[in-house]
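The values are calculated or read from the model by the stated rules, or taken from the named source; none is laboratory data. Because the structure is predicted, anything quoted here is derived from the model rather than measured. Quick reminder, even Gly has a Cβ in these numbers, built from the backbone with ideal geometry, and neighbours come from all protein chains shown. Calculation scope for accessible area: heavy atoms of the full protein, side chains included, ligands and nucleic acids excluded. Shrake-Rupley method; radii C 1.70, N 1.55, O 1.52, S 1.80 Å.
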Amino acid sequence: MIPVNTPLLDGNEKKYLIECVETGWISSEGPFITRFEQDFAAYVQRKHAIAVSNGSVALDAAFLALDLEPGSEVILPSFTIISCAAAIVRAGCVPVAVDADPDTWNIDIAQIESRITAKTRAILVVHIYGLPCDMDPIEALAQKYNLQIVEDAAEMHGQTYRGRRCGSFGAISTFSFYPNKLITTGEGGMVLTDSDELAERCRSLRNLCFTPRRRFVHDELGYNWRMTNIQAALGVAQLERIDFILDRKREIGRRYTELLADIPNVRLPLARTSYADSIYWVYGLVLPPDAPFDATEAMRRLGELGIGTRPFFWPMHEQPALHKLGYLQDQQLPVSEHIARYGFYIPSGLALTNEEIEVVAAAVNKVLRF
Ligand SMILES: *Cc1c(COP(=O)(O)O)cnc(C)c1O
């Protein structure tokens, strides 16, 4: 079986982990935390980085820190992970879902403005699978309507938009370091901002809102969202390898595109736009609506040939958890609905070998020729 993702930990990971064990720094105190935060902030070109336990709580921290008035509407792509809508709802705001662009699978920018109301306060920008969203028109809308931008860059380590790092846009941005992301700490996340106040607020929320006045006296309820020194040790080692990681991800993407180019009708990831080259966080395939089977069946057939796959995200406007709370009901967003049912991705983890790429491509060529 070729798994959909296997992480590559062949830099200084082992050395730094041994350092944690030998020095006894294994909790959220320890030198790797600050080092990872500083290195990552410098890499993304943000003033502050706050390491947290995963990318989902990074979004929670971002929205709680922004402190939008209850009932504020927040625009987000329907085609994303539940963590995005969950953070909006948990911060007392209302998610407003917009359909995807059929080429990039990112939020369809042309549909944003019509969804802005007197209650809209923010746009959650999520860069999906490999290409960043087109930030210039989004920033223009944010300016025109006085909206905050939150940037979920969980899939975009090292990616740039017109030469500027993803994760450096908007009031606050977030990353995930889950093992299938370009940089991993096992579990982990980061919140980044240039604002001293937002950074302070996130640090406080991350650490139970302790007050400097008297330890164990709290003015507010916070969370334990701390990252451990062990996780940060992995992060520091991984970040040292980011240039190699980006090159290799792009190489895997290019190779798949060559090997799969002549399958009729199947949509491959877009290699580039006018503002960025894909980093192929995952290599997604989308079947046409008239395909003789859907993604579930394609994944089953590939599984029989020993190829691991994952389905695409399921749209926010089709989430029972959100419907139950009264959000995003009775909406039709055809692009998101189509790619959720006919899209899936194939192995593209960093430990994938060139031979495995050939094996996967041969299997895809066999299964998707109809
Ligand atoms: C992975 C991911 C997250 C969540 O990160 P976790 O670390 O798994 O909690 C959030 N947003 C996007 C776009 C992601 O891809």
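The figures follow:
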item: ILE307, ILE109, ILE26, reordered so the largest accessible area comes first (probe 1.4 Å); result: ILE26, ILE109, ILE307
item: Diffusion constant of the chain at 25 °C, which comes from Stokes-Einstein with the Kirkwood Cα-pair radius and 0.890 mPa s, µm²/s; result: 115 µm²/s
item: Assigned charges on the beta-carbon of Lys, Arg, Asp, Glu; the chain dipole about Cα centre (debye); result: 480 debye
item: Stretchable slack from ASN224 to PHE210, in nm (0.36 nm times residue separation minus alpha-carbon distance); result: 4.0 nm
item: Accessible area of ASP277 in the full protein assembly, 1.4 Å probe (Å², nearest 10); result: 70 Å²
item: Accessible surface of the chain, 1.4 Å probe, proportion on carbon and sulfur as whole %; result: 51 percent
item: Percent RCO, i.e. relative contact order, over the chain, from Cα pairs under 8 Å lying at least 6 residues apart; result: 23 percent
item: Point-charge dipole on Cβ atoms (K/R +1, D/E -1) for region 107-255, about Cα centre, debye to 20; result: 320 debye
item: Residues with amide H under 5 Å from that of ILE2, placed H, sequence gap 5 or more; result: ILE307, GLY308
item: Accessible-area order (highest first, 1.4 angstrom probe) of the listed residues MET1, MET299; result: MET1, MET299
item: Region 188-339 - percent relative contact order, Cα under 8 Å, separation 6 or more; result: 11 percent
item: Selected from TRP25, ALA153, ALA91, residue furthest toward positive end of dipole (the chain; charges at beta carbon); result: TRP25
item: With all protein chains modelled, accessible area of LEU270 [1.4 Å, Å²]; result: 70 Å²
item: Vicinal HN-Hα couplings computed from phi for region 205-221 (Karplus, 6.51 cos²θ - 1.76 cosθ + 1.60; Hz; Gly/Pro x); result: 4, 4, 10, 6, 6, 4, 9, x, 4, 8, 4, 6, 10, 10, 8, 9, 8
item: Coordinate range along principal axes, alpha carbons of region 13-75, Å, largest first; result: 50, 24, 16
item: Signed unit charges on C-beta, dipole axis of region 251-325, positive-most listed residue GLY308, LEU268, PRO289; result: GLY308
item: LYS144/ALA321 FRET efficiency (R0 30 Å; Cβ-Cβ; nearest 0.05); result: 0.40
item: Positive dipole terminus of the chain, leading residue within PRO212, TRP105, LEU328 (C-beta point charges); result: PRO212
item: Charge dipole (debye, nearest 20) of region 274-370; +1 at Cβ of Lys and Arg, -1 at Cβ of Asp and Glu; result: 160 debye
item: Whole-number D in µm²/s for region 296-370 (Stokes-Einstein; Kirkwood sum over Cα pairs; 37 °C, 0.692 mPa s); result: 229 µm²/s
item: Residue-by-residue Karplus 3J(HN,Hα) for region 254-269, coefficients 6.51, -1.76, 1.60, Hz, glycine and proline x; result: 4, 5, 4, 4, 4, 6, 10, 4, 9, 7, x, 6, 7, 7, 9, x
item: Counting DSSP beta bridges with both ends in region 33-135, the antiparallel % (nearest 5); result: 10 percent
item: Local net charge near ARG254, Cβ-Cβ under 13 Å (Lys/Arg +1, Asp/Glu -1); result: +1
item: Helix-derived mean residue ellipticity, 222 nm - over the chain, DSSP H n ≥ 4, -39500 (n - 2.57), to 500; result: -11000 deg cm²/dmol
item: Long-range amide H partners of HIS218 with built H, under 5 Å; result: none
item: Surface per residue (accessible, 1.4 Å probe) for region 1-82, Å²; result: 47 Å²
